[in-house]
Structure formats: structure tokens, C-alpha cells
Amino acid sequence: MIEWTGLSPDEARQFLANKDKSKRDKRMSLKDAVQKYVKDGDNIGIAGFVNGRQPIAIVHEIIRQGRKDLCLSYQSAGLAIEYLAGAMILDESKNSIKRMELAYWAHEAFGISPLLRYFSENGIVELEDWSNYNMSARFKAGSMGLPFIPCRSPLGSDMLQRNRATVMDCPFTGRPIMLLPASHPNVALVHVQEADIYGNCRIQGPLYTCPEIAMASAHIIVTCDRLIEHEDMVRYPNRVSIPFFSVDAVIEVPFGAYPGNSHGLYYFDEKHIPEFRGACEKARKGDLTALKEYYDNYIFGVENTAEFINKLPLSQIQHVQKAESGIRLDAAYTVLG
Amino acid sequence: MPKYSTDFTTQEMIVVAGSRTLPDNKVIFAGTGLPMVAITLAQLTHGPGIVPVFEAGAVGPSLSCGLPLSVGDSRTTYKANYLLGLNSAFELTQRGFADYGFIGGAEIDPYGNLNSTMMGSFPDGYQKPKTRLPGSGGASDMACSCERTIIIMVHEPRRFNEKISYITSPGYLDGSPNARWRAGHAGQGPERVITTKAILGFDDDTKRMKLIATLPGETVKSIQEATGFELVIPNDVYEFEPPTVEEIRLIREVIDPQGYFVKKKIKE
């Protein structure tokens with residue numbers, strides 16, 4: 001038996017069996033959604049990939065409300081984790097991360113994660129290392145209702161000494177194979193381009209591991225750049241990436257993944273990401289001034305994402321939209337009034 | 001106009017070397033950073049038939065929409081032939097659809113095992129390492145399950161060690177016969193290591209790293225001195241063809257004009 005973080009497979013099954021799966025209007029404010037579904041000590045599944053469709057708006061709201069002793073589960077993440085980590089450095093009594101189950105935390109072209117270095121090199125947060133496929137497959141096992149999933153990698157890696165995977169000889173071929181325990185977060189945070197009021201989601205561009213994270217978790221908060229007519233959603237049933245009955249809350253938040261990339265709508269903000277990352281790098285070296293200023297200005301000093309975006313020059317917002325030219329949204333929709 | 005460039009940086013050289021190593025008409029699963037730049041250059045030069053795969057889901061895109069800043073960003077999906085997510089991409093590698101994995105790392109040993117997790121003592125120092133690196137990402141999955149692996153990294157003595165801090169992405173493990181098969185790997189392991197100084201491969205019998213070619217300005221001696229373990233030096237080491245004027249132009253003007261991955265000093 002292993003120690004499960006989040007729900008055990010049997011708890012997850014029982015939880016879902018008792019869940020209200022009705023097709024009802026799930027719109028609510030982001031404040032209420034976070035209040036209702038994100039608790040201290042939760043295992044939180046972070047959707048998106050590095051800085052693509054990270055649930056930034058939801059994370060900013062969590063930071064404003066404050067949550068402690070979180071366990072964060074993700075394959076590769078950037079900004080969402082960096083924001084939570086920055087909040088912890090500024091005031092650990094209000095926001096804190098206890099543990100992370102991860103494959104990668106950095107910002108690719110924008111550089112390494114300053115606060116991963118700070119946390120790990122000072123032994124502040126407990127880490128469990130996996131590969132990208134491992135974390136994706138763990139969510140997939142959860143979404144399949146299976147307690148584990150076999151995987152061929154990374155056998156022979158030192159990661160196996162530090163995570164809960166086990167190696168067995170395959171009963172059918174006799175060769176070694178890794179078994180990964182399923183992941184069932186208490187709540188998944190997901191940002192998509194389009195959703196309807198019932199929670200059906202249509203993801204544009206790469207799906208990352210969003211459908212699996214959503215289907216594996218007990219609760220799901222969805223933010224979307226656009227809330228669209230239900231009729232437009234169900235016109236393409238095989239393009240529904242996350243079905244309504246898995247979702248608990250739907251909130252329309254244009255630019256909800258900013259300053260990251262939301263495929264087809266806006267590219268990375270190549271000015272804002274380095275500005276935030278630079279403040280984190282200073283914090284790693286012991287100077288919190290820039291980081292505190294950033295949070296006071298863009299997170300604590302605003303009520304929501306709309307106010308955050310309002311603080312930025314329109315030209316900068318237009319630039320991230322323009323940088324996405326040539327990328328098509330591949331299904332037509334009517335914006336909900 | 002002369003064919004060869006006389007004014008290029010080591011970063012540009014490594015991209016050219018990486019690009020030329022990629023065969024046309026193969027499925028190449030590319031990691032972030034230099035592999036993305038090199039595969040773009042290859043697609044624009046000798047390898048229009050290269051099928052790039054990115055772990056966030058894109059298969060067979062045209063990399064003509066600007067250099068992706070992430071293996072998951074919109075630009076990796078332009079005119080892609082198939083696009084789902086991470087699970088589907090890695091399932092392709094296990095099945096055998098990925099001919100090459102193209103990855104980087106911070107530290108390497110003679111058997112091509114790579115570290116991109118931490119520097120310091122392991123396992124005791126794991127929760128408080130000397131330096132923490134970003135982590136595996138998908139590199140370890142590519143190293144295990146793509147049919148062959150091509151590694152690209154900066155050549156410095158501190159990065160080439162007989163024993164590395166942590167094996168993130170397995171190469172030939174301890175180098176013993178059939179080590180990968182016995183570990184359960186599907187793929188055959190590393191084929192080339194492209195560095196800022198050399199093109200390297202692996203000895204067929206011992207699986208230790210061997211020198212294949214020296215890059216412009218380097219010698220067998222300078223390369224051995226920059227390597228923290230003894231290289232196998234065969235008799236047929238040759239000098240690698242310098243970058244052409246056209247290759248350097250493509251990198252500077254078309255692929256990475258902002259210098260996101262090229263020209264920037266790589267620091268872990």
C-alpha cells in the first residue's frame with residue numbers, strides 16, 4: 001500500500017458515485033468557486049503545460065484568499081507555480097506549498113524557475129520527481145478509474161528511488177515494466193478557450209493533459225476565455241475535450257491564462273513574463289522589494305483578472321493578440337451574451 | 001560570395017552541427033531549447049521531410065510560424081498533421097513511431113546518461129541539493145523510448161563527468177552488455193552527442209563515449225581536456241565542415257532573430 005496524496009482510487013470512485021452529475025448552469029464568481037472548492041491541504045492538479053493555458057486567473061484568486069499546505073501535481077508548469085511560490089515567500093502564514101509532484105518547473109525560453117531553486121536548495125518544499133509522461137499517465141490512470149498504469153519510462157533513472165513508482169516483471173512478457181500510481185487531485189484548475197454554461201469545454205490547440213487531469217480530479221474549476229452558446233458546443237460533439245458532468249464551476253475570464261499563451265487568442269507576453277521572473281530571481285537572492293511591489297500592484301491591488309489587465313498598456317495586450325496571427329481557431333462559435 | 005561563414009558563435013555552431021545530424025524523412029521528437037532551433041534549421045535546409053514531434057501534442061508541424069518559445073506553444077502546431085496531448089505523444093514513442101529523440105541536459109557521463117534534475121549528493125541530499133535543475137520534463141521518456149537518442153549540450157569539463165549527480169535520462173546505464181534491454185527499455189539508446197566542441201558517439205562494445213569529429217577551432221587534445229572523463233579516440237576522427245554563410249543567415253535572420261536560444265549563454 002502507498003500513501004495517497006489527494007484521493008485514493010477507491011475514495012475517488014466513491015466520491016464520483018455520490019456527485020451531482022446533473023446538467024445545470026455552473027456559472028459562478030471565481031471568488032465563490034475558489035472559496036467553495038479549494039481547501040487548505042488539498043492536492044491541486046495544475047492543468048496547462050509550462051506557460052501554455054496555465055490557470056493564472058484561478059491561482060491569483062487563490063493567492064488573494066490564501067491557502068496553506070498545498071500539494072501541487074502537474075507535468076510541466078511555469079507561471080502558475082511561480083505565482084503560488086512567490087506568494088509563499090512574501091507571507092508564508094497566508095499561502096504555502098507543502099509538496100509538489102512534478103516533472104518540470106521552469107519557463108523554457110524565459111529561463112529557469114528562480115523559486116524552484118530557492119525552495120529546493122533551502123529544503124523548504126517536499127519534491128517527488130516524475131517524468132512528463134509519468135505525470136500524464138498518472139492522471140490518465142485516474143481518469144480511467146484504474147489504480148495504476150504501466151509505463152516504459154524512465155526505467156533505470158534515479159527518479160525511481162525518489163518516487164512511488166514500482167518496477168515489476170511483466171506477467172506476459174517477463175520484461176521489467178514500471179507501474180505508476182494513479183493521481184486523483186482534490187481539485188483541478190483548468191483554463192480553456194471555450195466552455196458552455198454547463199461546463200462542456202472545447203480546447204483549441206494542444207490538449208496537454210487537461211482532459212485527463214479534469215477527469216481524474218474530485219472537483220474541477222474551469223475558467224474560459226469565452227463562454228459560448230451550448231448549441232455551438234454540441235454542434236461538434238467529438239470536439240468536446242472535457243464533458244460537463246466532471247466540472248463544478250465555470251467562469252468566463254478573458255485573458256485567464258495571461259501572461260502565458262492561450263492558443264489562437266494570445267501568445268506569451270515576452271515583456272511581462274521576464275518582469276515577473278526577474279522579481280522572483282531577486283527574491284531568490286534575498287531582495288523581496290520587487291516581488292512585493294509586483295504582487296501589491298497586480299494581484300493584491302486588484303479584485304480580478306480584468307483589473308489586472310487594465311493595469312497594462314493596451315498596446316501590450318494588442319501585441320500578444322497580434323503575435324498569435326496565423327493560428328486558427330478551428331470551430332466556429334457564437335459568443336454568449 | 002564564400003561558402004563558409006568565418007564569423008559565428010559556438011552557439012550557432014552547435015545548432016548547425018545538430019541540424020546536420022538529423023536525417024531527412026525521420027520522425028524526430030524534439031525537446032525544448034537548442035533541439036527546437038536545430039530541427040527548424042534542418043527543416044529549412046536538408047530536411048524538409050523531417051517530421052517533428054513535440055511532447056505537448058503536435059506531430060509533423062511546419063516550423064515556419066516563428067521559433068516556438070515552448071514545446072507546447074501555438075507555433076509548434078502550425079499545419080500539424082496530428083494534435084492531441086502529452087499522453088498521445090509519449091504513447092507514439094513507446095509504440096515505435098519516434099525514430100529519434102533529440103534532447104539536452106546539464107551533465108553527462110561516458111555512457112550517455114544525462115542529468116537534468118539536481119547537482120549535489122544523491123540520494124541523501126535530494127531534498128536539499130546544491131543546485132536544483134528544472135527536472136526531467138519529457139527528456140527521460142524520449143531517452144528510454146525513442147528508437148535512438150541524439151543529445152545536444154554545451155561542452156565544459158564540469159558537465160562531462162565519470163559519475164553524474166543524478167541519472168534523469170538513461171543512456172547505456174552502466175555500459176554492461178544489454179543493459180538497456182535488461183532495464184526494460186524499448187529504444188536502443190544514444191547515437192550522437194553534439195556539443196559546442198565535438199561530434200561524439202559511443203563505442204559499439206564498451207558503450208563509452210567516443211570522438212567522431214572536431215568542430216572548427218578544436219583539436220582532439222582540446223576536446224579531451226574539456227571532458228571530465230577519458231574519451232575513446234579512434235583513428236578516423238575528422239574535422240567537421242564549418243557552418244555555411246546560408247546556415248548562419250537562417251539562424252540569425254529567420255529562426256531566432258531575438259536570440260532566445262542562440263547566442264544566449266546557456267546557464268543552468
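Which of the residues belonging to the range A:100-111 are more than 7 Å from chain B (Cβ to nearest Cβ) and in a strand (DSSP E or B)?
A:Met100, A:Glu101
Out of all the residues in the range A:167-181, is one or more touching a strand residue (DSSP E or B) at 6+ places or on another chain (Cβ under 8 Å), over 24 Å from A:Ile44 (Cβ atoms), free of Cβ contacts under 8 Å to residues at least 12 places away in the same chain and among the basic types (Lys, Arg)?
Scanning the range A:167-181, I find at least one residue that is touching a strand residue (DSSP E or B) at 6+ places or on another chain (Cβ under 8 Å), over 24 Å from A:Ile44 (Cβ atoms), free of Cβ contacts under 8 Å to residues at least 12 places away in the same chain and among the basic types (Lys, Arg), so the answer is yes.
Failed condition for B:Asp73, given (1) among the charged types (D, E, K, R); (2) closer than 16 Å to A:Tyr208 by Cα; (3) surrounded by fewer than 24 Cβ atoms within 10 Å (Cβ to Cβ), with all others met?
The number of the failed condition is (3).
Are there any pairs, at least 6 apart or on different chains, whose C-beta atoms fall under 8 Å, with the first in the range A:138-158 and in contact (Cβ under 8 Å) with a residue 60 or more places away in the chain and more than 10 Å from chain B (Cβ to nearest Cβ) and the second acidic (Asp, Glu) and part of a helix (DSSP H, G or I), and if so, which?
Pairs found: A:Gly142/A:Glu212.
Quick test for you: out of A:Glu128, A:Glu121, pick the one residue that is more than 7 Å from every other protein chain (Cβ to nearest Cβ) and among the acidic types (Asp, Glu). Write out each step before concluding.
On the way: A:Glu121 fails: more than 7 Å from every other protein chain (Cβ to nearest Cβ).
Unique residue meeting the criteria: A:Glu128.
Could you check the range A:112-189 for strands (runs of 3 or more DSSP E) lying wholly inside it with 3 or more residues that are modelled with pLDDT of 95 or more and within 16 Å of B:Cys144 (Cβ to Cβ)? Talk me through it step by step, then tell me what you get.
On the way: elements: A:126-129, A:148-151, A:166-169, A:176-181.
In the range A:112-189, A:148-151, A:176-181 are the strands (runs of 3 or more DSSP E) which contain 3 or more residues that are modelled with pLDDT of 95 or more and within 16 Å of B:Cys144 (Cβ to Cβ).
Being modelled with pLDDT under 95 and surrounded by fewer than 20 Cβ atoms within 10 Å (Cβ to Cβ) is the filter here; which residues of the range B:49-64 pass it? Steps first, answer last, please.
First, pick out the residues of the range B:49-64 that are modelled with pLDDT under 95: B:61-64.
Once the filter is applied, which keeps residues that are modelled with pLDDT under 95 and surrounded by fewer than 20 Cβ atoms within 10 Å (Cβ to Cβ), the range B:49-64 yields B:Ser62, B:Ser64.
Which condition breaks for B:Gly112 when tested against (1) within 11 Å of chain A (Cβ to nearest Cβ); (2) assigned to a loop (DSSP other than H, G, I, E, B); (3) in contact with a Phe, Trp or Tyr (Cβ under 8 Å, 6 or more places away or on another chain)?
With (1) within 11 Å of chain A (Cβ to nearest Cβ); (2) assigned to a loop (DSSP other than H, G, I, E, B); (3) in contact with a Phe, Trp or Tyr (Cβ under 8 Å, 6 or more places away or on another chain) applied to B:Gly112, the lone miss is (1).
Go through (1) within 11 Å of chain A (Cβ to nearest Cβ); (2) closer than 22 Å to A:Gly260 by Cβ; (3) not aliphatic (A, V, I, L, M) for B:Pro35 and report which single condition fails.
Of the numbered conditions (1) within 11 Å of chain A (Cβ to nearest Cβ); (2) closer than 22 Å to A:Gly260 by Cβ; (3) not aliphatic (A, V, I, L, M), the odd one out for B:Pro35 is (1).
Give A:Ile112, A:Ile58 a once-over and let me know the one that is touching a residue at least 40 places away in the same chain (Cβ under 8 Å) and either buried (at least 24 other Cβ atoms within 10 Å of the Cβ) or farther than 27 Å from A:Ala182 by Cβ (or both). Working first, answer last.
Values: A:Ile112 fails: touching a residue at least 40 places away in the same chain (Cβ under 8 Å).
Checking each option against the conditions leaves just A:Ile58.
Could you run through the range B:128-171 and say how many residues are of a type outside the set (A, V, I, L, M, F, W, C), under 29 Å from B:Val51 (Cβ atoms) and either within 8 Å of chain A (Cβ to nearest Cβ) or crowded, with 24+ Cβ neighbours inside 10 Å (or both)?
Qualifying residue count for the region: 13.
The values are calculated or read from the model by the stated rules, or taken from the named source; none is laboratory data. Bear in mind the structure is a predicted one, so any value in this text is a computation, not a measurement. Because the Cβ atoms are built from the backbone with ideal geometry, glycine has one as well, and the counts that use them run over all protein chains shown.
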